[in-house]
Amino acid sequence: MSMPAIDLLAPDNIAKNLLTEIIGSKIIVYDNTSSTNDVAARYAQNKENHGLVIFAEQQTAGRGRNRSEWQSPKAQSILCSAVLIGPQCTPELLSLAAAVAVAQTICSVVANHVGIKWPNDIMIKNKKIAGILLESKPLQKNIAYIIGIGINCHQKKNDFTPPLRQIATSIDIENKATSDRRLIAADLLSSLDHYLQIAQNNPDEVIAQWRKHSLLLGRRLTLVCDGREFVGNCIGLDPHQGLVLQLDTGAVRMFHTAHTTIIS
Ligand code: BTN
């Protein structure tokens, strides 16, 4: 059974001491909504909402990559979506910067090694602790990106459905202690702000940070891209083209996030 949360999120307690340039320019917290990504996409119509972050204590239609569901009991996770309008970098790089930012935030509260399984799974000891869903929305003269983030915080093992129990974890499970989501949320916004600026000014630094956390670098992978299967060793990441594999055929090939699924 989930414990009642005493760390309910509120704009004031997240914004307290927040020193960010863009992210968190406005913060809205919903008690319950469909998906924070959908709400954020509606706000993205107005360019004044650049940097807005929507949080929710509960989602009725939370979603992940590849049309999966993203479920969380009420007030147990950080569920949020940040709006970026016309950022000066590619979605590929945005997605990496977001993964690095989330990984760093989790590192600041958990002692165990935090890994990034490309593109956007944040893992501890082979179990998923957080996920990121980057979506875009064309505007009249611009494009908006919605960075949706889910971080498992207070879940106990039994809060996950049986299929997830062996492959998911939370901050409290890892720490054997109760975390404070308000502090984690504030740290997340600072970290996102920091790495999004780095993505625009110094993409190599984002890649360097990704390499530190990467669980795939140097590993043998099987993946499917546009319906075809490929096998090879992961030798790097290109900020524009995606994952770089040295294939068994000898060729080096890049695999774009949007078209690729890792099988093993
Ligand atoms: C994944 O790992 O597949 C991505 C999961 C992303 C989940 C978050 S929770 C907040 C935001 N709203 C959603 O509907 N999804 C993202």
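Bear in mind these aren't lab numbers, they're just calculated from the coordinates by the rules spelled out. Please read all numbers here as calculations on a predicted model, not as lab measurements. Positions of Cβ are backbone-derived with ideal geometry, glycine not excepted, and every protein chain shown enters the neighbour counts.
Once R0 is set to 35 Å, what does the formula 1/(1 + (r/R0)^6) return for the Cβ-Cβ distance between T249 and R211, expressed as a FRET efficiency to the nearest 0.05?
Numbers: r = 25 Å, r/R0 = 0.71.
It comes to 0.90.
Given an 8 Å cut-off on Cα distances and at least 6 residues of separation, report the relative contact order of the range 137-195 as a percent. The partial results should precede the final answer.
Working: 35 pairs, mean separation 14.8, N = 59.
It comes to 25 percent, rounded to a whole number.
Considering the chain as a Gaussian network with a 10 Å cut-off on Cα pairs, which listed residue, I54, I27, I116, attains the greatest mean-square fluctuation?
Maximum among the listed residues: I27.
Summing +1 for each Lys or Arg and -1 for each Asp or Glu, what net charge is found among the other residues whose Cβ lies under 13 Å from the Cβ of T261? All intermediate terms of the calculation are to be shown ahead of the outcome.
Details: positive: R65, R67, K117, R228; negative: D121, D226, E229.
Once positives and negatives cancel, what remains is +1.
Given the options D121, D204, D187, state which has the largest fluctuation in a GNM of the chain using a 10 Å cut-off (strictly under) for Cα springs.
Of the options given, D204 has the highest mean-square fluctuation.
Below 8 Å between Cα atoms, with a sequence gap of 6+, how large is the relative contact order for the chain in percent? Mind dumping the intermediate values first?
Working: 559 pairs, mean separation 48.2, N = 264.
Reported as a whole number, the value is 18 percent.
Would you mind calculating the relative contact order of the range 32-122 from Cα pairs under 8 angstrom and at least 6 residues apart, reporting the percent as a whole number?
26
Between N202 and N233, what is 0.36 nm times their sequence separation minus the Cα-Cα distance? Round to one decimal in nm. Mind showing how you got there, number by number?
Details: separation 31, 0.36 × 31 = 11.16 nm, distance 2.65 nm.
Length gained, N202 through N233: 8.5 nm.
Return the calculated 222 nm mean residue ellipticity for the chain, to the nearest 500 deg cm²/dmol, obtained by summing -39500 (n - 2.57) across DSSP H runs with n ≥ 4 and dividing by the residue count.
Working: 7 runs with 73 residues, N = 264.
Rounded to the nearest 500, it is -8000 deg cm²/dmol.
Round to a whole angstrom and tell me the spacing of the C-alpha centers of the range 42-91 and the range 231-264.
Computed from Cα coordinates, the inter-centre distance equals 28 Å.
With +1 on each Lys and Arg Cβ and -1 on each Asp and Glu Cβ, how big is the dipole of the chain about its Cα centre, in debye rounded to the nearest 20? Please report the intermediate quantities before stating the final value.
Values: 26 positive and 23 negative charges, 110 e Å.
Result for the chain is approximately 520 debye, rounded to the nearest 20.
Let me know the shape class of the range 114-264, please: from the alpha-carbon gyration tensor, a ≥ b ≥ c as square roots of the eigenvalues, rounded when a/c is under 1.5, otherwise prolate if a/b is greater than b/c, or oblate. Write out the running numbers ahead of the final one.
On the way: a/c = 1.81, a/b = 1.26, b/c = 1.44.
Here the range 114-264 falls in the oblate category.
Which of the helices in the chain meet the span-like rule: DSSP H, Cα axial reach of 18 Å or more, Kyte-Doolittle mean at least 0.0? Could you put the intermediate results ahead of the total?
Numbers: long enough: 91-109 (28 Å, 1.53); 181-201 (30 Å, 0.04).
The answer, listed by residue number, is 91-109, 181-201.
Does the chain come out rounded, prolate or oblate, given a ≥ b ≥ c as the square roots of the eigenvalues of its C-alpha gyration tensor, rounded meaning a/c under 1.5 and, failing that, prolate meaning a/b above b/c?
oblate
Could I have the simple spin-label model distance between A61 and E21, label points 7 Å from Cα toward Cβ, reported in nm to one decimal?
3.6
Between A111 and H240, what is 0.36 nm times their sequence separation minus the Cα-Cα distance? Round to one decimal in nm. Intermediate values should be presented prior to the final figure.
On the way: separation 129, 0.36 × 129 = 46.44 nm, distance 3.18 nm.
Here the answer is 43.3 nm.
Looking at the chain as a GNM with Cα springs under 10 Å, which of Y195, Y43, Y145 has the largest mean-square fluctuation?
Taking springs between Cα atoms under 10 Å, the residue moving most is Y43.
Is the C-alpha gyration tensor of the range 184-231 telling us rounded, prolate or oblate? Criteria: a/c under 1.5 is rounded; beyond that, a/b larger than b/c is prolate, otherwise oblate. Show your work: numbers first, answer last.
On the way: a/c = 2.38, a/b = 2.22, b/c = 1.07.
It comes out prolate by the Cα gyration axes.
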